[in-house]
1. Might you check whether a residue that is closer than 15 Å to L28 by Cβ, surrounded by 14 or more Cβ atoms within 10 Å (Cβ to Cβ) and of a type in the set (G, A, S) occurs anywhere in segment 99-119?
2. Can you tell me which residues in segment 113-133 are free of Cβ contacts under 8 Å to residues at least 24 places away in the same chain and not acidic (D, E)?
3. As an exercise: evaluate Y38 against (1) without any contact (Cβ under 8 Å) to a residue 60 or more places away in the chain; (2) surrounded by 15 or more Cβ atoms within 10 Å (Cβ to Cβ); (3) more than 17 Å from Y123 (Cβ to Cβ); (4) of a type in the set (F, W, Y) and give the number of the one condition it does not meet.
4. Among residues belonging to segment 15-74 that are of a type in the set (S, T, Y) and assigned to a helix (DSSP H, G or I), point out the one that is nearest to the chain's Cα centre (by Cα).
Amino acid sequence: MKERFEILKKYKEDVKGLDRKTFIIEALLDKMLDYNDYKKLFSILIIEMRDNKTLLDVYMKNMEEMTNFFIEFCNTEGFEEYIKVSNKEFGVFINSLILGTYTFNMYNDTSYRDMLRTMISSYFKDINLFKNK
């Protein structure tokens, strides 16, 4: 997660001028669509914890701690919009997309990225994340 935080801070510097909604959506897309060595391990964990209560309990405890750490990071770095989507439901949604991206090797497919952008934008509209946009 610390690695992701550093990527997010660098991204913030690299894309100055993007409106907040576009920034948040593109940062999420980059998270879902980047390829890194942890994706395989993460995918195995997600699949295996379905039938393993111990793994599920460890994952849930870890996610709670990481969510708190993430909220602190958001407050410090000025990413307040992210806090509203720091919940279990959005986490399941994003993790499902990450798992699908890994499973079907969709990292470089621009039409897939466009579809995900539409889905996230629709969700943000539904929860009124950006009230005036």
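1. Among the residues of segment 99-119, at least one is closer than 15 Å to L28 by Cβ, surrounded by 14 or more Cβ atoms within 10 Å (Cβ to Cβ) and of a type in the set (G, A, S), which makes the answer yes.
2. Passing the criteria: M115, T118, M119, S122, K125, N128, K131, N132.
3. Only one criterion in (1) without any contact (Cβ under 8 Å) to a residue 60 or more places away in the chain; (2) surrounded by 15 or more Cβ atoms within 10 Å (Cβ to Cβ); (3) more than 17 Å from Y123 (Cβ to Cβ); (4) of a type in the set (F, W, Y) is unmet by Y38, namely (2).
4. Here the answer is T67.
Read the figures in this text as sums done on the coordinates, not as results from a lab. The model shown is predicted, which means the values in this text are computed figures rather than measured ones. Cβ coordinates were reconstructed from backbone atoms using ideal geometry, including for glycine residues, and neighbour counts include every protein chain displayed.
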